[in-house]
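The values are calculated or read from the model by the stated rules, or taken from the named source; none is laboratory data. As the structure is a prediction and not an experimental result, all values here were calculated from the model. As a convention, Cβ positions derive from the backbone with ideal geometry for all residues, glycine included, and neighbour counts pool all protein chains shown.
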Amino acid sequence: MYHEGNRALQDAFGSRALADRLDERLRRDRFNDDDKAFIESLGFFFLATADAEGRPDCSFKGGPPGFARIVAPDLLVFPDYDGNGMFKSLGNLGVNANVGILFLAFGEAPRRLRVNGTAEVVGDDPLMAQVPGAQLLIKVTPVDIFPNCPRYVPNLQLVEPSIYLPDADAPPVEPKWKSFEIFEGVVPARRR
């Protein structure tokens with residue numbers, strides 16, 4: 001789990017034994033029932049990817065609670081929804097399958113869970129039919145799953161969900177920026 005850069009700083013700060021204990025006791029490569037309940041209770045997470053040269057990108061991914069799901073002990077899936085069309089994260093996955101995901105819960109009981117692994121983007125998976133608004137599906141195979149200290153997570157609360165969350169019973173709400181003059185003629189039609 002650690003490389004020489006990690007080890008050099010662990011040694012400089014005297015935390016190698018602590019880091020090893022965290023790895024021995026808390027790190028795993030399969031999701032457990034608690035991980036599943038936590039992940040599926042959330043309406044967002046942060047996804048880190050990198051291109052073929054290792055240049056990083058970090059993206060916010062959001063949806064209704066349960067949009068990210070654990071479908072097997074070694075498989076996390078989440079949909080890709082209509083966005084800005086840049087495909088930074090998913091494009092990176094086409095050339096570098098490595099991902100880092102940070103799940104966060106704010107509030108009175110803050111919590112963090114990190115998932116590092118590999119991912120693939122699919123467009124013809126039967127699971128997509130179960131996810132309103134999905135245009136693609138991302139399948140993540142975990143390598144390292146471990147909790148992260150929530151000490152610095154602020155006590156925030158959700159005021160209201162985004163009006164853009166996909167809803168199987170309603171047409172999608174288009175963001176205003178897609179109708180701005182500077183984007184006239186270049187915004188593709190939404191896939192259904």
Among Glu174, Glu120, the single one that is surrounded by fewer than 16 Cβ atoms within 10 Å (Cβ to Cβ), among the charged types (D, E, K, R), at pLDDT 85 or above and part of a strand (DSSP E or B) is Glu120
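Please work out which residue is modelled with the lowest pLDDT, limiting yourself to region 135-171 and to residues that are β-branched (Val, Ile, Thr) and within 24 Å of Arg114 (Cβ to Cβ). Break it down into steps so the answer makes sense when it comes.
Taking region 135-171 and keeping what is β-branched (Val, Ile, Thr), we get 138, 140-141, 143, 145, 153, 159, 163.
Of the ones still in play, those that are also within 24 Å of Arg114 (Cβ to Cβ) are 138, 140-141, 143, 145, 153.
Working: Ile138: 98, Val140: 98, Thr141: 98, Val143: 98, Ile145: 98, Val153: 89.
Among those residues, the one meeting the criterion is Val153.
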Just one of the numbered conditions (1) surrounded by fewer than 14 Cβ atoms within 10 Å (Cβ to Cβ); (2) basic (Lys, Arg); (3) closer than 26 Å to Arg191 by Cβ is not true of Arg21; which one? (3)
Touching a strand residue (DSSP E or B) at 6+ places or on another chain (Cβ under 6 Å), under 21 Å from Gly83 (Cα atoms) and of a type outside the set (A, V, I, L, M, F, W, C): which single residue out of Asp125, Asp144 fits that description? Asp125
Those residues of region 89-117 which are exposed (fewer than 14 other Cβ atoms within 10 Å of the Cβ) and at pLDDT below 95 amount to Gly107, Glu108, Ala109
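Just checking: which of the strands (runs of 3 or more DSSP E) contained wholly in region 5-96 hold 1 or more residues that are more than 24 Å from Met128 (Cβ to Cβ)? If you could, list the steps in order and put the result at the bottom.
On the way: elements: 44-50, 56-62, 69-72, 75-80.
Output list reads 44-50, 56-62.
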Could you give every pair whose Cβ atoms fall below 7 Å, whose first residue belongs to region 177-191 and is under 14 Å from Gly83 (Cβ atoms) and among the aliphatic types (A, V, I, L, M), and whose second residue is at pLDDT 80 or above and in a helix (DSSP H, G or I), counting only separations of at least 6 or pairs across chains? Val187/Lys178
Qualifying position, being at pLDDT 95 or above, surrounded by 14 or more Cβ atoms within 10 Å (Cβ to Cβ) and under 26 Å from Pro171 (Cα atoms), among Phe44, Phe60, Phe38: Phe44
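Is it the case that some residue within region 132-153 is aromatic (Phe, Trp, Tyr), surrounded by fewer than 15 Cβ atoms within 10 Å (Cβ to Cβ), farther than 17 Å from Phe60 by Cβ and over 11 Å from the mean Cα position of the chain (by Cα)?
Step one: filter region 132-153 for residues aromatic (Phe, Trp, Tyr), giving 146, 152.
Remaining after also requiring surrounded by fewer than 15 Cβ atoms within 10 Å (Cβ to Cβ): 152.
If we keep only those that are farther than 17 Å from Phe60 by Cβ as well, we get 152.
Filter again for over 11 Å from the mean Cα position of the chain (by Cα), leaving 152.
Among the residues of region 132-153, at least one is aromatic (Phe, Trp, Tyr), surrounded by fewer than 15 Cβ atoms within 10 Å (Cβ to Cβ), farther than 17 Å from Phe60 by Cβ and over 11 Å from the mean Cα position of the chain (by Cα), which makes the answer yes.
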Expected output for region 127-145 (first residue in contact (Cβ under 8 Å) with a residue 12 or more places away in the chain, partner surrounded by fewer than 17 Cβ atoms within 10 Å (Cβ to Cβ) and of a type in the set (S, T, N, Q), Cβ below 8 Å, 6+ apart or cross-chain) is Val140/Thr118; Thr141/Thr118; Val143/Thr118
